[in-house]
1. Which residues' amide hydrogens lie under 5 Å from the amide hydrogen of VAL148, considering only partners 5 or more residues apart or on another chain, with H built in the peptide plane?
2. HN-Hα J couplings of the range 135-149 from phi, Karplus 6.51/-1.76/1.60, θ = phi - 60°, integer Hz, Gly and Pro as x?
3. What is the packing order of peptides 69-77, 20-28, taking the mean over residues of other C-beta atoms within 10 Å and listing the highest first?
4. What distance in nm separates the two pseudo spin-label positions at GLN96 and ASP21, each 7 Å out from Cα along the beta-carbon direction?
5. Taking 0.36 nm per residue of separation and subtracting the Cα-Cα distance, what length does fully extending VAL86 through SER28 add?
6. Quick one: Karplus J couplings for the range 115-129, per residue in order, coefficients 6.51, -1.76, 1.60, θ = phi - 60°, nearest Hz, x for Gly and Pro?
7. What are the ³J(HN,Hα) values, in whole Hz, obtained from phi via the Karplus relation 6.51 cos²θ - 1.76 cosθ + 1.60 with θ = phi - 60°, for each residue of the range 55-70 in sequence order, with x given for Gly and Pro?
8. Figure the gain on full extension for ASN126 and VAL111 (residue separation times 0.36 nm, minus the Cα-Cα span) and round it to one decimal in nm.
Amino acid sequence: MNKYDDIAEYYDATMKSGYYDYAKEAQSLDSILKGRKKLLEIGVGTGLLAEKLLELDPSYEITGIDFTPAMLDRAKARLGNRAKVVEGNVLSMDLQESFDGIYSHGGPAGVCRVGNNYHLYSFLPNFEDTVKMLNNIARHLVDGGLFVLNIQSEETDADGDQDIGNGIVYCSIKLIQSVT
């Protein structure tokens, strides 16, 4: 069990409250992948994006990895036998296979756009772990494979509170830090 297990039952309500448009993100990802079919989703969570990708193209072979058992239970229920769901950590994963494409929607890494600048961000505790994660991801890509990260933008990120029902309020604030 980890800290994300406690939010698993609220995760879908939060993520589907209007902050993300999974159908639109799946369409964008589908166009970027350009025929790559064997995919790995890093930080699959409850399988929301994988579900939308499979609705667009059932021929995708998706493996989702996450380190939160409660999230994976929900992903397995959502995706059934249409995708493989694996408990694991991006720092130590060794899936014994390579993928045409690896993507991360809101998993351990992404890109944040601030003005005209793009910054890689990571939810990992230190720079060394981020490098280790990226090397491990590269090790799981076929030659010519594609690694796709979500881009968060200061213009599109929602600020303020969103009532998502059942007495739950999702709050998103912009925290922009400049490092010189």
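1. When sequence neighbours closer than 5 places are left aside, the close amide H contacts are ILE102, TYR103, SER104.
2. 5, 5, 4, 4, 5, 9, 9, 5, 4, x, x, 10, 10, 10, 10
3. Sorting 69-77, 20-28 by mean packing, highest first, produces 69-77, 20-28.
4. A separation of 4.2 nm, rounded to one decimal place.
5. 18.4 nm
6. Per-residue couplings from phi come out as x, 9, 9, 10, 10, 6, 10, 9, 8, 7, x, 7, 4, 4, 5 Hz.
7. Values, residue by residue: 5, 6, 8, x, 7, 4, 9, 9, 10, x, 10, 7, 9, 10, x, 5 Hz.
8. Between ASN126 and VAL111, full extension yields 3.8 nm more.
We did not get these values from a lab; they are worked out from the coordinates using the rules stated. Everything quoted here is computed from the prediction, not taken from an experiment. Every residue, glycine as well, gets a Cβ built from its backbone with ideal geometry; the counts of neighbours run over all protein chains shown.
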